[in-house]
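One structure is given below, encoded as structure tokens.
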Amino acid sequence: MTLVDLNGDGAPDLLASADSGVEVLLNHGDGTFAAPLKYPGSYRNWVTDLNGDHRPDLLDVDSDGHLRVIMNHGDGSFADPITTPISVLVNDTLVLGDLDGDGRPDLVISTWTGDVNVVMNHGDGTFAAPLASPRWAPLSTWATSTAMAGSTSSPRAQRASPWP
């Protein structure tokens, strides 16, 4: 569960994981919330602005282990989910950060087998194919050369809130 302003009214709204997906409860601003709006989702969720429109979007991992993006319309409602065929397993760790300085959070996925994959954000709810870290290369060298190729900016962390 997390609180975040989803409709731009300045009042934090409630996002909660439920058995059937994600529930959004818009804050009336008086301590009460509207009836829940339900969206597909799972227990592994993140909320962050994925496309630079200053609205918090939802990112989750569906039951098949694929990344799913649900873009925020800015009024407390969300677009249909966009599923990206990138496999994320239960024991994998997913971190968000702007690796190429374009203002959009990219993904770094550390797998349970020790592999590290960088997934660049296109900014439209889709992601590029993962770039896998060679196991024999030191991660710090590989990540720096991959993420910073052609960029003079330093990587910047993107604040994202995982829940439940």
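Every number in this text was worked out from the coordinates using simple rules, so none of it is lab data. Values in this document were obtained by computation on a predicted structure and should not be read as measured data. A quick note on method: Cβ atoms are made from the backbone with ideal geometry, for glycine too, and the neighbour counts reach across all protein chains shown.
Table for the structure above
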quantity: Extended-chain gain in nm, criterion 0.36 nm per residue less alpha-carbon gap, residue 111 and residue 53; calculated: 17.9 nm
quantity: FRET efficiency, residue 63 to residue 28 (Cβ-Cβ, R0 25 Å, nearest 0.05); calculated: 0.15
quantity: FRET efficiency estimate (nearest 0.05) - Cβ-Cβ, residue 129 to residue 80, R0 22 angstrom; calculated: 0.50
quantity: 3J(HN,Hα) from dihedral phi, segment 44-56, Karplus parametrisation 6.51/-1.76/1.60, rounded to Hz, x for glycine, proline; calculated: 10, 10, 9, 10, 6, 6, 8, 10, x, 8, 6, 10, x
quantity: Where only C-alpha atoms are counted, convex hull volume of segment 1-97 per residue in Å³; calculated: 99 Å³
quantity: Gained length - residue 4 relative to residue 89, 0.36 nm times residue gap less alpha-carbon distance; calculated: 27.9 nm
quantity: Relative packing of peptides 109-115, 124-130 - highest average C-beta neighbours within 10 Å first; calculated: 124-130, 109-115
quantity: Built amide H within the under 5 Å cut-off of residue 5, gap 5+; calculated: 13
